[in-house]
Every structure is written in C-alpha cells, then in structure tokens.
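See structure below.
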Amino acid sequence: MPRIYILDTGVLVSTWTDKKVESLFVTTPNIIDEVRNRLSRFRAETLFLLEKMEERTPREDDVRRVESASTSSGDRSELSQNDIEIIALALTISGESSDVTLVSTDFAVLNTASHLGLKILDPNKKFGQEITWVMKCPACNYKSKAPTRETECPVCGTEMRRSPLKKRKIR
C-alpha cells in the first residue's frame with residue numbers, strides 16, 4: 001500500500017508531489033477549488049488522471065474534533081473552514097490507514113494537527129514547535145484563553161493579541 005499524504009493548498013500548488021512518485025495524495029474538494037494558477041491546476045488534474053490523487057470529504061465528527069482542538073490550542077481564529085476540513089480529513093483517513101501524513105506549509109494547520117497527534121510534515125522545514133496560544137493584552141499583560149482575536153481586554157479595553165503559553169519541540 002502506498003504512503004498517503006493529505007495535501008493542503010500550499011503543497012498542492014508546489015512541485016513537492018513530484019518527489020513522491022510511489023505515494024497517494026488526498027485532499028478535499030474545497031482545497032482543489034483554491035488552486036487557481038493554471039500550471040498548478042494542470043499538475044493537480046494530471047495527478048487525478050494518473051490515479052495518484054483522490055478527493056474526499058472528512059467525517060463531521062472529525063470536523064467537530066478539529067474545531068474543539070483548535071480552540072484548545074488557540075489556533076481557531078487562524079484557521080479557515082478549508083484548513084479545518086483538511087485536518088479533519090487527515091483524522092478520518094488516519095482511522096482507516098496507519099501510514100497517513102498531513103502535509104502543509106500553514107503553521108496553524110500544522111500546530112492543530114500536532115495537538116491532535118497526527119503525523120505532520122512541513123516541506124519548508126520551518127515548523128519545529130507545537131504551541132498552545134492564549135490571548136494577551138499588550139498594555140496590562142492580562143491573559144485569557146478566549147479563542148478569538150477580536151477580544152478586548154476586560155481590564156483596560158485594549159485589543160488582545162495571541163501569545164504563546166506553552167511550547168514543545170517536535171523534532
């Protein structure tokens with residue numbers, strides 16, 4: 001059985017897939033819709049024609065699991081619905097096969113997937129720490145675990161920013 005890679009848009013538009021000839025690539029219909037560049041679209045269509053890529057939709061319970069995990073990790077405000085679906089798809093397929101890796105260049109996607117215990121790969125090799133984020137007021141240093149960026153500090157009214165609470169090296 002070939003190794004299965006779950007692909008995010010950033011990876012799908014790159015030439016990274018050319019290096020993994022004996023692999024199967026899987027992504028969601030919404031990720032395919034994000035591919036607009038003609039050359040990248042041609043590359044994706046070629047992978048479909050060669051039966052090297054499949055389009056799948058994640059299970060709804062896995063989507064809810066990702067939403068919960070992204071709130072806990074503090075990444076929820078950084079993830080699009082497509083990001084949530086690609087992580088959920090990795091969960092869905094991981095339940096069916098043991099050799100599954102989520103490949104993304106998006107730090108919030110990689111961070112949330114890491115918190116869920118998924119195998120991850122950053123082709124740019126820049127993601128090296130799993131982070132748990134909190135919201136922190138830059139004026140008075142009040143900390144809150146509220147999952148949204150639009151949070152005003154309840155102490156002084158300043159807009160709060162994401163700040164790392166815990167870091168764990170993953171390499």
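The values are calculated or read from the model by the stated rules, or taken from the named source; none is laboratory data. All values derive from a computational prediction rather than experimental measurement. Don't worry about glycine lacking a Cβ; one is built from the backbone with ideal geometry, like all the others, and counts go over all protein chains shown.
Taking the range 74-92 as the region of interest, how many residues are in contact (Cβ under 8 Å) with a residue 60 or more places away in the chain, at negative phi and crowded, with 23+ Cβ neighbours inside 10 Å?
Counting residues in the range 74-92 that are in contact (Cβ under 8 Å) with a residue 60 or more places away in the chain, at negative phi and crowded, with 23+ Cβ neighbours inside 10 Å gives 4.
Scan Ser77, Ser73, Ser14 and give me the residue that is at pLDDT below 95, over 16 Å from the mean Cα position of the chain (by Cα) and over 21 Å from Asp99 (Cβ atoms). I'd like the intermediate steps shown before the answer.
Values: Ser77 fails: over 16 Å from the mean Cα position of the chain (by Cα); Ser73 fails: over 16 Å from the mean Cα position of the chain (by Cα).
Result: Ser14 is the single residue among Ser77, Ser73, Ser14 that is at pLDDT below 95, over 16 Å from the mean Cα position of the chain (by Cα) and over 21 Å from Asp99 (Cβ atoms).
Any residue in the range 48-66 that is touching an Asp or Glu at 6+ places or on another chain (Cβ under 8 Å), part of a loop (DSSP other than H, G, I, E, B) and over 15 Å from Val11 (Cβ atoms)?
Yes; the residues of the range 48-66 include at least one that is touching an Asp or Glu at 6+ places or on another chain (Cβ under 8 Å), part of a loop (DSSP other than H, G, I, E, B) and over 15 Å from Val11 (Cβ atoms).
Which residues, taken from the range 95-150, are modelled with pLDDT of 85 or more and acidic (Asp, Glu)?
The answer is Glu96, Asp99, Asp106, Asp122.
Could you say which residue among Thr28, Thr17, Thr9, Thr46 is surrounded by fewer than 18 Cβ atoms within 10 Å (Cβ to Cβ) and assigned by TED's automatic domain parsing to the domain that holds Ile93?
Working: Thr28 fails: surrounded by fewer than 18 Cβ atoms within 10 Å (Cβ to Cβ); Thr17 fails: surrounded by fewer than 18 Cβ atoms within 10 Å (Cβ to Cβ); Thr9 fails: surrounded by fewer than 18 Cβ atoms within 10 Å (Cβ to Cβ).
Exactly one of Thr28, Thr17, Thr9, Thr46 is surrounded by fewer than 18 Cβ atoms within 10 Å (Cβ to Cβ) and assigned by TED's automatic domain parsing to the domain that holds Ile93, namely Thr46.
Right, Thr92: touching a helix residue (DSSP H, G or I) at 6+ places or on another chain (Cβ under 6 Å), at pLDDT 80 or above and within 23 Å of Val11 (Cβ to Cβ) or not? Break it down into steps so the answer makes sense when it comes.
Values: touching a helix residue (DSSP H, G or I) at 6+ places or on another chain (Cβ under 6 Å): yes; at pLDDT 80 or above: yes; within 23 Å of Val11 (Cβ to Cβ): yes.
Considered against the rule, which asks whether it is touching a helix residue (DSSP H, G or I) at 6+ places or on another chain (Cβ under 6 Å), at pLDDT 80 or above and within 23 Å of Val11 (Cβ to Cβ), Thr92 comes out as yes.
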